[in-house]
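In what follows, a single structure is set out as structure tokens and then discussed.
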Amino acid sequence: MDGSELRQFVEQIQKLFPRIMRYLEDEASRELIGLEVTPSQMNALFALYGVNDLPMGELADQMGLTESAATRLVDRLINMNLVRRERDEQDRRVVRVRLSTYGKQLAELVFERRQEQVMRFAKRLEQPARNALIYGLSHLLEVFQTLEQESKSQKQ
């Protein structure tokens, strides 16, 4: 890709991403109507959904938070009866977090709502466009992960 093509790509991304993000944020807000949970709290529940438990540090990493911010978030979720916090049996220094029964039910409800939302737009895309979207987003995620690892390596 030459400089002109790269600049054109960047311009297109800068036009598309804010509009896509606004749509996704609006949909996420609609998913949470009446549930009395914030988007960041729901993200924590999704990170814990489908796993037995996570160490606090791993939850923080997955959410892009410091451990202290993740701890405050988990404290709020505990007060809402959505998660449980326990010490690791092998290493008492490690704190593990898992969904409560109520937290699992809430995550399942929002997950189902989200599946319906994705199904609505997926039906409007032809198969080649769906394949291209998955391909492109998968590679974009890989680039983000590589950049994140490089950034962490430079800080050490």
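Read-outs throughout are calculated quantities, based only on the coordinates presented, and are distinct from any laboratory measurement. On a predicted model such as this, the values are computed, not experimentally measured, just so you know.
Observations on the structure shown:
- Of all aspartates and glutamates in the structure, the ones whose alpha carbon falls short of 14 Å from that of K104, not counting any fewer than 8 places away in one chain, are D53, E112.
- Here the 3J(HN,Hα) profile of segment 71-76, calculated from phi with Karplus coefficients 6.51, -1.76 and 1.60 at θ = phi - 60°, is 5, 4, 4, 5, 4, 5 Hz, Gly and Pro shown as x.
- The lysines within cross-link reach of K15, meaning a Cα-to-Cα straight distance under 25 Å and a gap of 8 or more places when in the same chain, are K123.
- 3J(HN,Hα) couplings calculated from phi for segment 147-152 with the Karplus curve 6.51 cos²θ - 1.76 cosθ + 1.60 (θ = phi - 60°) are, in sequence order, 4, 5, 5, 5, 5, 5 Hz; Gly and Pro show x.
- Eligible aspartates and glutamates near K155 by straight Cα distance, threshold 17 Å, same-chain separation 8 or greater: D61
- Whole-angstrom gap from segment 98-120 to segment 1-19, using each part's C-alpha centre: 34 Å
- Comparing mean-square fluctuations of A60, A70, A132 from a GNM of the chain with C-alpha springs under 10 Å, the top value falls on A132.
- Taking 0.36 nm per residue of separation and subtracting the Cα-Cα distance, full extension of the segment from A122 to Q156 would add 8.0 nm.
- Taken one residue at a time, the phi angles of segment 3-11 give Karplus couplings (6.51, -1.76, 1.60, θ = phi - 60°) of x, 5, 5, 5, 4, 5, 4, 4, 4 Hz. Gly and Pro are set to x.
- When you restrict to C-alpha pairs under 8 Å that are six or more residues apart and normalise by the size of the chain, the relative contact order lands at 18 percent.
- Quotient of Cα Rg and 2.2 N^0.38 Å for segment 1-90, N being how many residues it contains: 1.49
- The mean sequence separation of alpha-carbon pairs under 8 Å and at least six residues apart, normalised by the residue count of segment 54-118, gives a relative contact order of 28 percent.
- Alpha-carbon radius of gyration plus Dmax, which is the widest Cα pair, for segment 39-124 in Å: 14.1, 51
- For the chain, built as a Gaussian network whose Cα springs stay under 10 Å, the top-fluctuating residue of F144, F46, F121: F144
- When restricted to Cα atoms, the chain yields an Rg and a Dmax of 18.8, 57 Å, respectively.
- In whole angstrom, segment 93-156 maps to an equivalent ellipsoid with semi-axes of 29, 27, 6, each derived as √(5λ) from the alpha carbon gyration tensor and ordered largest first.
- Rounded to 10°, Cα long-axis angle of helix 101-122 versus longest principal axis of the chain: 10 degrees
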